[in-house]
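Down below is the structure, laid out as structure tokens.
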Amino acid sequence: MDIIHGVNDSLPRQIAQNLRQCLRTMPAVVLTGARQTGKSTLAGELTPPRRRYVSLDDLDALDAARHDPTALVGGEAPVTLDEVQRAPDLLAAVKQEIDRRRRPGQFLLTGSANLLLMRQVAETLAGRASYLSLWPMSRREQLGLGVCGVWEQLLAAPDAEWADIVTQSTEAGPEGWQALAQRGGFPVPAVHLGTDEERAVWFDGYVRTYLERDLPQLSSLSALPDFRRLMRAACQRIGQTVNQTELGRDVALPQATVHRYLNLLETSCLLVRVPAYAVNRTKRLMKAPKLYWSDTGIAMHLAGGEPTGAWLENLVLNDLLVWRDARLARTEILHWRTVAGEEVDFVIETQDGLLPIEIKASRRPGLGDIRHLRTFHAEYPGQTRAGLLLHTGGTTEWLAPNVLATPWWQVV
């Protein structure tokens, strides 16, 4: 796969349509996500010719936000405030301006430290704002298609049509999932850097910037070596259920410290915890979340080693997150695991039912690979769609009447 683009190229993003719809509806829209996911680029595209753009990375703008916020947010033109977490007190002036003259699309606010920003927004802009998350780029966004996988098409169609949908999805052809996992989805390393060595330099700089810039905004952190050790250990547990006591024992940290550090990683949109589907019918269920990362490239850089099947799971999750947060309808991404060890990697829950998904880094999946999907289907009859088995081979086929096996790249 060849994805060479100029440094200044701006590739379309799946969330853009939802963002525009929210701006047509609500007076404020809050766009959050990890650093370097492309929030400023996306916000800047909506600026000319009718929006005023203010970046609080600019020291003059930051000074104005702190000393004369009313002047900064006033005026006739709608305003984009980029990196607004640098001046959280500015949100009070935004609220006052909305209350003075409520208009759709008045403010687009972007920020990197998700929980810090969201707490401030929730208190200040209740009933005045929509909230969106920008994740690292999906595979199809990296190809310039501006979309994620075919999840929406699958949900909208009868199960019997799924094989036709995935085999006709030819705009994003096959590629090696290991290479995709190693480059991740941050725009610079994924699209603009061409070698593993260049990406390693970028990832190392990203980690240092995160430790030096974002963390002081979120929490006092005195033991950076401990935190680095925890990050590495978390990256080495991709796809596993989270046991904070066990993790703390492995890295020689108290459970309370592990809890705080994991929350910091989740706050800054780097770590993702997938909750359990815990509707209990006849089986005892595990309720612990599973641990993943928002970007496989940075996680593999921290973890070291070669990608395993768990990283393919993470790639599928990354695509699901892009899709979920570009939807207007409520959507949950969960996992399912029984005390007896039966498990399904992901369960998509929408108002229309459940879609179970299993991922196997195998070129020739068989009946043994779908037994847990069939168990899930039997456990929740009536509300479960056909199951999906995503694999690394090249064949699409119904392995059972209610399980479609298909190459991962035909869906993601």
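With the helix formula -39500 (n - 2.57) applied to DSSP H stretches of n ≥ 4, the chain reaches a computed 222 nm mean residue ellipticity of -11000 deg cm²/dmol. The phi torsions of segment 167-184, fed into the Karplus equation with coefficients 6.51, -1.76 and 1.60 and a -60° offset, translate into couplings of 6, 8, 7, 9, 5, 10, x, x, 7, x, 5, 5, 5, 4, 4, 6, 8, x Hz, rounded to whole numbers, with Gly and Pro shown as x. To the nearest ten degrees, helix 224-235 and the longest principal axis of the Cα atoms of the chain are 40 degrees apart.
How large is the dipole of the chain about the Cα centre if only Lys and Arg carry +1 and Asp and Glu carry -1, each at its Cβ, rounded to the nearest 20 debye? Walk me through the intermediate numbers first.
Working: 45 positive and 47 negative charges, 216 e Å.
The dipole magnitude comes to about 1040 debye.
The chain gives an Rg/Rh value of 0.97, both radii derived from C-alpha positions and Rh following Kirkwood. Lysine pair count for the chain with Cα-Cα distance under 25 Å and sequence separation of 8 or more or different chains is 4. For the chain, the longest principal axis of the alpha carbon atoms and the long axis of helix 90-100 meet at an angle near 80°. Of the residues Thr375, Thr25, the one with the largest accessible area comes first in the ranking Thr25, Thr375, computed with a 1.4 Å probe on protein heavy atoms.
Over the chain, with every protein chain in place, what whole percent of the accessible area is carbon and sulfur at 1.4 Å, could you tell me?
Details: 8550 of 17590 Å².
Solvent-exposed carbon and sulfur of the chain make up 49 percent of the total.
What is the dipole size for segment 273-412, taken about its Cα centre, with +1 at each Lys and Arg Cβ and -1 at each Asp and Glu Cβ, in debye to the nearest 20? If you can, show how the numbers build up before the last one.
Numbers: 16 positive and 15 negative charges, 80 e Å.
Taking the Cα centre of segment 273-412 as origin, the dipole is about 380 debye.
Each Lys and Arg contributes +1 and each Asp and Glu -1, all at the Cβ; summed about the Cα centre of segment 1-150, the dipole is approximately 640 debye.
Against the main long axis of the alpha-carbon atoms of the chain, helix 255-267 sits at an angle near 70°. If a paramagnetic tag sat 7 Å from the Cα of Ala77 along the Cα-Cβ line, which residues of segment 37-71 would have the backbone N under 13 Å from that point? Inside the label zone: 46-55. For segment 274-395, the convex hull drawn through the C-alpha positions has a volume of 127 cubic angstrom per residue.
For segment 27-130, the spread of Cα coordinates along the three principal axes comes to 34, 31, 26 Å, biggest extent given first. If you wrap the Cα atoms of segment 77-174 in a convex hull and average its projected area over all directions, you get 9.3 nm². How far is the Cα center of segment 139-188 from the Cα center of segment 60-110, in Å? Value for the Cα centre distance between the two parts: 38 Å. Along the axis of the charge dipole computed for the chain (Cβ charges of +1 for Lys and Arg, -1 for Asp and Glu, origin at the Cα centre), the listed residues Gly248, Thr209, Ala126 are led at the positive end by Ala126.
Within the chain, what percent of beta bridges assigned by DSSP are antiparallel, to the nearest 5? Mind dumping the intermediate values first?
Working: 19 of 46 bridges.
For the chain, the DSSP antiparallel bridge percentage is about 40.
What whole-number value in Å² describes the accessible area per residue of the chain for a 1.4 Å probe?
Details: 17590 Å² over 412 residues.
Solvent-accessible surface per residue comes out at 43 Å².
The values are calculated or read from the model by the stated rules, or taken from the named source; none is laboratory data. Everything numeric here is computed off the predicted structure, so don't read it as measured data. We place every Cβ from the backbone using ideal geometry, glycine too, and count neighbours over all the protein chains shown. In case anyone asks, the SASA skips ligands and DNA or RNA and just uses the protein heavy atoms, side chains included. Shrake-Rupley method; radii C 1.70, N 1.55, O 1.52, S 1.80 Å.
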